[in-house]
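Contents: one structure, followed by commentary.
The values are calculated or read from the model by the stated rules, or taken from the named source; none is laboratory data. Here the structure is a predicted model, which is why all the values come from computation and not from measurement. Please note: Cβ atoms are built from the backbone with ideal geometry, for glycine as well, and neighbour counts cover all protein chains shown. Calculation scope for accessible area: heavy atoms of the full protein, side chains included, ligands and nucleic acids excluded. Shrake-Rupley method; radii C 1.70, N 1.55, O 1.52, S 1.80 Å.
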Amino acid sequence: MKFYYDLHIHSDLSPCGNSDMTPNNIINMSYIKGLNIISITDHNTTKNLSAIAFLGKKMGIKVIPGIEVTTKEEVHILCYFKALDDALAFGNVIYDSLPNIKNNTKIFGEQNIYNHNEEKIGELDKLLINATSYSVEDIYYLSKRYHGITVPAHVYKKSNGILGVLGFIPIDLELNFIEVTSNEEIKDKQLKKYIKLVNSDAHQLVDISEPENFMNLDSIEDVYRYLKIY
Amino acid sequence: MKNLDLASNLKLEPLLVTNKEIQIEGVYIGDLLSIAMSKAKENFLWITIQTHVNIVAIAELLDLSCIIIVEGMEIEDETLNKAKELDIPIFKTKDSAYQVACRLHTMGIK
């Protein structure tokens, strides 16, 4: 069976995320578009995951707990978890490692936390677009400790993509997936061995994927086996 | 110094013509935005190969005097539009950061 996914969506908590990207709006838009599996991956925080998970359950959309970490090399790495608690604990460690630079909302945008009733319940103080103190390798091992997987995000992007920044994918890491933002065929030899995830990296509602990219699964619960998250 | 004077002294292509007086009290060279954010200071000139729109956000945040993109990197429209909006002088050149730094040195910026 085909299950349509978009595993890279930013909420209003990400400084660059549009203010329309509230948990309710994201879930409803995903529902309207006919997506079955989504993940909210805010920059260096997991504080909106609880509301999203609650609403996803209500609407029958599988929500994979996720985060987009900025490594100290300024590479963006997606991390996915099976258990919400693991994701939240990992998110706290990541946020703690951000430098103490305050967000300037006028320049970078607001960093709002919501509950599942669409009420703003808080705001994060530290600038989330900054780099954490962890390397790509550190994030790989750290996410493993929380039973998560790592996926290099938008690998071809010049800024923050692993190929653009490092020029290669560290071969000693057992990565299974890479993320690309369009469904073009991958010609790079070094990338052929990876399974590609095609995600939107949506920062506004219209950018959330149409039902185009799918996983062939027996049941929706098999998504974790597919992603090799146990 | 005026925008166009700085451009001609340093052999740069100005991407934004502005009347803003450019004061240079120091120079920062580097491409990791997080490091630039913590090391560059007010009225510093910033030399980088990064072209993402966030370079302009950082220049605004720190009150940098201008940005010079080196190595002929192609600059996104979004970045230029943001620079225009925030009135942050931005230049480009095919030369390397080192070559620009040497010219700055001869200009007396040390």
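Full extension of the segment from residue A:110 to residue A:135, taken as 0.36 nm per residue of separation minus the current Cα-Cα distance, would add 6.3 nm. Rolled with a 1.4 Å probe across the full set of protein chains, the surface gives residue A:166 an accessible area near 50 Å².
Cα-based radius of gyration for the protein assembly as shown, normalised by 2.2 N^0.38 Å, reads 1.05. Counting only Cβ charges, +1 for Lys and Arg and -1 for Asp and Glu, the dipole size of region A:1-160 around its Cα centre is about 400 debye.
With the simple spin-label model, which puts each label point 7 Å out from Cα in the Cβ direction, the residue B:77 to residue A:118 separation comes to 3.3 nm.
Given +1 at the Cβ of Lys and Arg, -1 at the Cβ of Asp and Glu and no other charges, the dipole of region A:30-81 around its Cα centre is 380 debye to the nearest 20.
Enumerate the residues in region A:12-53 having an amide nitrogen under 19 Å from the point lying 7 Å beyond the Cα of residue A:212 toward its Cβ. A:29-39, by backbone N distance to the label point. Under 18 Å of direct C-alpha separation, and excluding same-chain neighbours fewer than eight residues apart, residue B:84 reaches these lysines: A:106, B:2, B:20, B:92.
Within region B:37-96, the trypsin sites (Lys or Arg not before Pro) that combine a DSSP coil assignment with at most 16 other C-beta atoms in a 10 angstrom radius are B:41, B:94.
Label sites at residue B:1 and residue A:31, each approximated as a point 7 angstrom past Cα along Cα to Cβ, lie 6.0 nm apart.
Cross-link check: pairs B:41/B:94; A:158/B:94; A:82/A:144 evaluated at a Cα-Cα cut-off of 22 Å; pairs beyond the cut-off: B:41/B:94. Take the alpha carbon atoms of region B:1-74, find their center, do the same for region A:74-114, and report the distance between the two centers in whole angstrom. Value for the Cα centre distance between the two parts: 28 Å.
Looking at chain B alone, DSSP beta bridges between its own residues are antiparallel in about 20 percent of cases. Approximating the spin labels as points 7 Å out from Cα along Cα→Cβ, the residue A:188-to-residue A:221 distance works out to 3.7 nm. Counted over the protein assembly as shown, the DSSP beta bridges are approximately 45% antiparallel.
Counting only protein heavy atoms and using a 1.4 Å probe, the accessible area of residue A:156 comes to about 110 Å².
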